[in-house]
Amino acid sequence: MEIPKTLIEKLKSAKSIIFFTGAGISAESGIETFRGKGGLWNKMSAQELASFDGFMKNPDLVWEWYQYRRKIVRETNPNAGHKTIADFEKHFDEVTVVTQNVDNLHKRAGSSSILELHGNIERNYCMDCKTFYGVEKFLESEEVPKCEKCGGMIRPDVVWFGEVLPQDIFAEAERKAAESDICFIVGTSAVVYPAAYIPIAAKRGGSVLVEINIEPTEITNQTDYSIKGKSGEVLPEIFKMLKEIT
Ligand code: BV8
Ligand code: ZN
């Protein structure tokens, strides 16, 4: 992999950094991506499954799909990519992770400033009274559980297609992006909106865009640097080169 020296120079003088991440950063942990080969969306046409209509049409099937994904998440660990991002926090005034992922791996890797645009698969809530439940509560349920307080249907606390993102979190992510000096775009095909606006907000704010991906994406031609490689290898290499000159 080719890490440009000018990027390391820019990093040296940077104050605030954001990491905009997608499913690709979790691929080396063993969690399938959505659009890659054998990805989640291809197998289970997840576009319908990860939607409110899909859930209402077939609640137990969608619930089972999330239970299957939660099991995978429980059995995987953060990889070197997640851990390096957590390490960046010790070297810069401000590091923010803006993630589209719902797998909680950034938190488990030790990152402390995380904005989850699409929710978190390890949380559930009642569709009627909005009571939140931790994932351990219904670990073994094969059907959609019912709320203990009001009997309502329980759903995963993730943002489905056609649903609005948490406005406060999205606004905070836009602000951090606009104020950042450098915006890493890691492991995302950048096709899902409005999340994919975040790197655009960073660019508009004068940020240097650095893409890390195993293949070109929708955003590649807008980036200042596009580094081809696995995030679990590229991020540690960047961090190593940075430490050598600081
Ligand atoms: C909204 C949570 C509107 C759930 C997800 C028609 C109808 C309705 C909406 C739309 C429509 N047409 C367009 C839209 C908008 C839609 C959208 O953008 N669709 C796309 C597909 C065109 N967006 C929405 O619906 C959003 N809501 O617009 O609401 C609205 C407005 C007002 C009022 C009411 C409604 C909600 C979008 C959120 C959907 N939820 N996930 C769940 O996970 O179950 S999206 C899902 O895709 C994940 O969150 C995922 O993170 C995200 C993006 O995918 P990526 O992360 O990029 O993953 P992908 O597999 O695509 O790419 C992986 C990349 O990694 C690849 O580039 C690969 O090369 C790379 N890679 C692989 N390995 C590695 C690697 N890179 C580095 N290293 C490696 N080792
Ligand atoms: Zn309830």
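Taking residue 125 as meeting all but one of (1) modelled with pLDDT under 95; (2) within 16 Å of ligand 2 (Cβ to nearest atom); (3) among the aromatic types (Phe, Trp, Tyr), write down the number of the exception.
(1)
Can you tell me which residue is surrounded by the fewest Cβ atoms within 10 Å (Cβ to Cβ) among those in the range 108-128 that are in a strand (DSSP E or B) and among the charged types (D, E, K, R)? Explain how you work it out, then say what you get.
Going residue by residue through the range 108-128, those that are in a strand (DSSP E or B) are 114-116, 119-126.
Within this subset, residues satisfying the condition of being among the charged types (D, E, K, R) are 116, 122-123.
Numbers: 116: 24, 122: 18, 123: 16.
My answer is 123.
Quick one: count up the residues across the range 137-164 that are open to solvent by 40 Å² or more (accessible area, probe 1.4 Å) and among the hydrophobic types (A, V, I, L, M, F, W, C).
5
If only one of 142, 136, 163 is in a loop (DSSP other than H, G, I, E, B) and over 27 Å from residue 19 (Cβ atoms), which one is it?
Selected residue: 142, the only one of 142, 136, 163 that is in a loop (DSSP other than H, G, I, E, B) and over 27 Å from residue 19 (Cβ atoms).
Has the range 32-46 got any residue that is in a helix (DSSP H, G or I), modelled with pLDDT of 90 or more and either touching a helix residue (DSSP H, G or I) at 6+ places or on another chain (Cβ under 9 Å) or away from ligand 2 (no atom under 16 Å from the Cβ) (or both)?
No - not one qualifying residue is present in the range 32-46.
Filter the range 88-107 down to residues that are on the phi < 0 side of the Ramachandran plot, buried (at least 17 other Cβ atoms within 10 Å of the Cβ) and touching a residue at least 24 places away in the same chain (Cβ under 8 Å), then give me how many there are. Don't jump to the end; show me each part of the working.
At the first step, the residues of the range 88-107 found to be on the phi < 0 side of the Ramachandran plot are 88-103, 105-107.
Narrowing further to those that are buried (at least 17 other Cβ atoms within 10 Å of the Cβ): 88-89, 95-103, 105-107.
Next cut, touching a residue at least 24 places away in the same chain (Cβ under 8 Å) only: 88-89, 95-103, 105-106.
Matching residues across the range 88-107 total 13.
The values are calculated or read from the model by the stated rules, or taken from the named source; none is laboratory data. Predicted model only: the values in this text are computed from it and were never measured. Using ideal geometry, Cβ is built from the backbone for each residue, glycine included, and neighbour counts are taken over all protein chains shown. To get the accessible areas, we keep the full protein, side chains included, count just its heavy atoms, and leave off ligands, DNA and RNA. Shrake-Rupley method; radii C 1.70, N 1.55, O 1.52, S 1.80 Å.
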